[in-house]
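Worksheet for the structure shown next.
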Amino acid sequence: QLSSNEFTRLNLRALVGGGIRLSLGKITDKRAFLLGLGAFFEREDLDTDAALGEEDTSETVRGSVYFVMKFHFNDNVSLVSSTYLQPDFGQFSDFRAIEDLSLVSKLTERLALKIGLFIGHDSEPPPTVENTDVSVKIGLSVAF
């Protein structure tokens, strides 16, 4: 996985890892509960001084525990919640907690409205970056 985020001063995050996913109860067309356990190696390049173009690079191994809930209320409306906890194995006080929540409502057979809420918490963010980041996304998806 590769990612970047100028608001959190993250120039590049590269990670590779693996794990297992377990079903908690029977998965049906209406609902599913999943638990994941794993670990990943992470390398981050942070912009420590934008004016000088300085970067700080860190590497660590993190654990990953996640819980996913999927609900289909009817043929047109569904809700998915994914919650993650990612502690640093070298320093458990350094962790990330993430909630990614999406509500999807079909408008037509091919068009759907998607409303998403993302909450990310980093116990040790870069300097001048807040611990918690919240964003709301509203969009349309088209199926072909």
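Give the carbon-plus-sulfur fraction of the accessible surface of the chain in %, rounded to a whole number; probe 1.4 Å, heavy atoms of protein chains only.
Carbon plus sulfur share of accessible area: 59 percent.
How high is the FRET efficiency between residue 105 and residue 48 when r is their beta carbon distance and R₀ equals 35 Å, given to the nearest 0.05?
Taking R0 as 35 Å, the efficiency between residue 105 and residue 48 is 0.25.
Give, rounded to the nearest 20 debye, the magnitude of the charge dipole that the range 29-144 has about its Cα centre when Lys and Arg contribute +1 at Cβ and Asp and Glu contribute -1 at Cβ.
Dipole magnitude for the range 29-144 comes out near 1200 debye.
Place a point 7 Å from the Cα of residue 134 along the Cα-to-Cβ direction; which residues of the range 76-114 have their backbone N under 14 Å from it?
Within reach of a label on residue 134, which here means backbone N under 14 Å from a point 7 Å along Cα→Cβ, the range 76-114 contributes 99-101.
Please build a GNM for the chain, connecting alpha carbons under 10 Å apart, and tell me which residue among 18, 63, 90 fluctuates the most.
For the chain, modelled as a Gaussian network with Cα springs under 10 Å, the answer is 90.
When a/c reaches 1.5 or more, the comparison of a/b and b/c decides; with that in mind, is the chain rounded, prolate or oblate per its Cα gyration tensor?
Oblate.
Assuming R0 = 25 Å, what is the FRET efficiency of residue 80 and residue 40, from their Cβ-Cβ distance, to the nearest 0.05?
Once rounded, the FRET efficiency stands at 0.70.
Below 8 Å between Cα atoms, with a sequence gap of 6+, how large is the relative contact order for the chain in percent?
16 percent
Take the chain, connect every pair of alpha-carbon atoms lying under 10 Å apart with a spring to form a Gaussian network, then pick out the residue of 65, 134, 80 with the largest mean-square fluctuation.
134
Can you work out the FRET efficiency for the pair residue 113 and residue 57, with r the C-beta to C-beta distance and R0 = 35 Å, to the nearest 0.05?
Efficiency computed from Cβ-Cβ geometry: 0.30.
Considering the chain as a Gaussian network with a 10 Å cut-off on Cα pairs, which listed residue, 40, 73, 118, attains the greatest mean-square fluctuation?
Looking only at 40, 73, 118, the largest GNM fluctuation is found for 73.
With every protein chain present, what is the per residue accessible area of the chain (1.4 Å probe, Å²)?
66 Å²
The values are calculated or read from the model by the stated rules, or taken from the named source; none is laboratory data. These numbers come from a predicted model, not from an experiment. All Cβ positions, glycine included, derive from the backbone under ideal geometry; neighbour counts span all protein chains shown. Note: areas computed on protein heavy atoms with side chains; ligands, DNA, RNA excluded. Shrake-Rupley method; radii C 1.70, N 1.55, O 1.52, S 1.80 Å.
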